[in-house]
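What follows is a set of notes on a single structure, which appears directly below.
Just so it is clear, none of the values below were taken in a lab; they were calculated from the coordinates. Every value quoted in this text rests on a predicted model; they were computed, and no experiment measured them. Note: ideal-geometry Cβ built from the backbone for every residue, glycine included; neighbour counts use all protein chains shown.
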Amino acid sequence: MPRDTKLIATNKKAYHDYFVDETFETGIALTGTEVKSLRENGASLRDSFASVRKGEVWLNNVHISPYSHGNRSNVDPDRPRKLLLHKKEIRYLVGKTKERGYTLVPLKLYFSGGNLVKVELGLARGKKLYDKREAIAERDQKREVERALRERAKE
């Protein structure tokens, strides 16, 4: 994520549920009221995913609340939204998602350069339950080590 960015939403469950192998920065096609709503309220990436259909990448299950001052120009908050990628990247993602176990997961939604909305898309493999338990145990172990080091530093 570049420096001059303002984070809108993150998908915290993505790193818990998936091994993220690669990330891509993509643009997203939005209406004006959706951008205003993102500045005002934010969005939810929970349970969202991306899919490739007819040579285009679509972002599904992203909830962007309707703009409070919008009227009939407000659109469905859960509609599929088109992601903007180069053809070469789309072809690469099509090949990877056809492999067994790979899926496209949005990781972050943010403003880049002040007014452009970007999505960080991850090419990910699903974790098994034992992988999740292993990750939790590893995280707890790191926390214990850091706590012990802090205690030693206080003495």
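Over the C-alpha trace of the range 72-155, radius of gyration and Dmax come out as 20.4, 64 angstrom. In the range 5-127, taking the dipole from charged Cβ atoms about the Cα centre, the farthest positive-side position among L7, Y102, P66 is held by Y102.
Across all Cα atoms of the chain, the radius of gyration (one decimal) and Dmax (whole number) stand at 18.5, 64 Å.
Here the Karplus relation 6.51 cos²θ - 1.76 cosθ + 1.60, evaluated at θ = phi - 60°, turns the backbone of the range 90-105 into coupling constants of 5, 4, 4, 5, 4, x, 5, 6, 6, 5, 5, x, 8, 9, 9, 10 Hz, with x for every Gly and Pro. Cross-link partners for K36 among the lysines, with Cα-Cα distance under 25 Å and sequence neighbours closer than 8 places in the same chain left out: K6, K12, K82, K108, K118.
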